[in-house]
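Have a look at the structure below before the remarks.
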């Protein structure tokens, strides 16, 4: 029974779609590859398995031409090797007009489409110096498949991400939506002529029991049922507390029962540390009244700063953590980071089964989303 519950919980947190393969006609090429542009060319980062290259494709409004995206093929332009193939069933969200409304401001009007992509290059492979794209569409007007080649760019393979320590300690942690093209990575905010991507490298987290079978024991509507609730959060590096918000009520477990009345309340109670070099560590959804520090305080790496809670836009107790380039949770640009050290304890496969690999200490790396880790 517990094993079935574990798989159900894991699949809810880490849903992956199966690639569906079928034989297709040879697509017709279409001209004007300049309509595929790479923007937000991020500094790549390493996990225990991949060298991950993140960026955004800025595309013309192809839907107005009757084109339906079917496949994105990403290639090493030097070797011709396929680095990643994204089928229509795996397609990341396409950000386009109209944007979902929020009551706090009016979004800019978009005249392009945007797709955020993260290419996982195995650590055993050579790092590509030039990448290109082949986009396959279904032309719904002429009833045939067409392709466009473009989006050439040079990954920033000689640059390194920020290195920090972990904001949590202990064992059996899952970092969710990190090292994926999931819900943090594709967030783009368009306001006052600016495009912000604050959550690009953010993670949420959950903690499992020693059997790695569950993330809570008891009523899911009660915060204290979750193993991570109330855990101490730590400074990831030396720095200064530049912003702190406290006094906001918590949701009860998975109920999302506390209303949000401003854009700032999405992060709940939160803390922002200035790490220097225009890098800011953001801790969200903190337990009210749990801060060990105040605005203006200086901290050293490893100092306690607060306790993990369930405030703001949160569906269960967890830490939302990100590094950005300015002291703002939303109107900032996400900065890639890796951890100085973590212990890989175990790993789940896409179906939620434990793979039981040997325990391994990993240095200057992030983890893959299905890794169970400790500090």
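Some points to look at:
- Looking only at residues of the range 217-230 that are in contact (Cβ under 8 Å) with a residue 12 or more places away in the chain and either part of a loop (DSSP other than H, G, I, E, B) or at positive phi (or both), we find that the one that is surrounded by the most Cβ atoms within 10 Å (Cβ to Cβ) is 228.
- Residues in the range 343-375 that are in a loop (DSSP other than H, G, I, E, B), within 20 Å of residue 181 (Cα to Cα) and touching a strand residue (DSSP E or B) at 6+ places or on another chain (Cβ under 7 Å): 367, 368, 369, 370.
- Flag for residue 54 being touching a residue at least 40 places away in the same chain (Cβ under 8 Å), in the same structural domain as residue 138 (by TED's automatic domain parsing) and surrounded by fewer than 16 Cβ atoms within 10 Å (Cβ to Cβ): no
- Hits in the range 304-324 - residues which are surrounded by 15 or more Cβ atoms within 10 Å (Cβ to Cβ) and in a loop (DSSP other than H, G, I, E, B): 309, 310, 312, 313, 314, 316, 317, 318, 319
- Residue that is surrounded by the fewest Cβ atoms within 10 Å (Cβ to Cβ), among those in the range 176-193 that are farther than 18 Å from residue 337 by Cα and in contact with a strand residue (DSSP E or B) (Cβ under 7 Å, 6 or more places away or on another chain): 191
- Single match in 74, 30 (criterion: at negative phi and modelled with pLDDT of 95 or more): 74
- Selection status of residue 146, at pLDDT 95 or above and closer than 26 Å to residue 344 by Cα: no
- Residue 139 vs. criteria touching a residue at least 40 places away in the same chain (Cβ under 8 Å), outside the structural domain of residue 346 (by TED's automatic domain parsing) and in contact with a strand residue (DSSP E or B) (Cβ under 7 Å, 6 or more places away or on another chain): yes
- Of all residues making up the range 154-175, the number that are crowded, with 19+ Cβ neighbours inside 10 Å and outside any loop (DSSP other than H, G, I, E, B): 4
- Restricting the range 194-216 to residues that are in a loop (DSSP other than H, G, I, E, B) and without any contact (Cβ under 8 Å) to a residue 60 or more places away in the chain, the residue that is surrounded by the most Cβ atoms within 10 Å (Cβ to Cβ) is 209.
- Residue 233 vs. criteria buried (at least 21 other Cβ atoms within 10 Å of the Cβ) and either at pLDDT below 95 or not in a loop (DSSP other than H, G, I, E, B) (or both): yes
- Residue 190 within 27 Å of residue 109 (Cβ to Cβ), over 17 Å from the mean Cα position of the chain (by Cα) and not in a loop (DSSP other than H, G, I, E, B): yes
Results for (1) surrounded by fewer than 16 Cβ atoms within 10 Å (Cβ to Cβ); (2) over 27 Å from residue 191 (Cα atoms); (3) assigned by TED's automatic domain parsing to the domain that holds residue 364, shown as yes or no for each residue.
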| residue | (1), (2), (3) |
| --- | --- |
| 60 | no, no, no |
| 76 | no, yes, no |
| 79 | yes, yes, no |
| 124 | yes, yes, no |
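Conditions (1) closer than 21 Å to residue 240 by Cβ; (2) in contact (Cβ under 8 Å) with a residue 40 or more places away in the chain, marked per residue:
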{"residue": "274", "(1), (2)": "yes, yes"}
{"residue": "295", "(1), (2)": "yes, yes"}
{"residue": "313", "(1), (2)": "no, yes"}
{"residue": "317", "(1), (2)": "no, yes"}
{"residue": "345", "(1), (2)": "no, yes"}
{"residue": "350", "(1), (2)": "no, yes"}
{"residue": "361", "(1), (2)": "no, no"}
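The values are calculated or read from the model by the stated rules, or taken from the named source; none is laboratory data. Only a predicted model underlies this, so the values are computations on that prediction, with no experimental measurement involved. Neighbour counts are summed over all protein chains in view; Cβ atoms, including those assigned to glycine, are modelled from backbone coordinates with ideal geometry.
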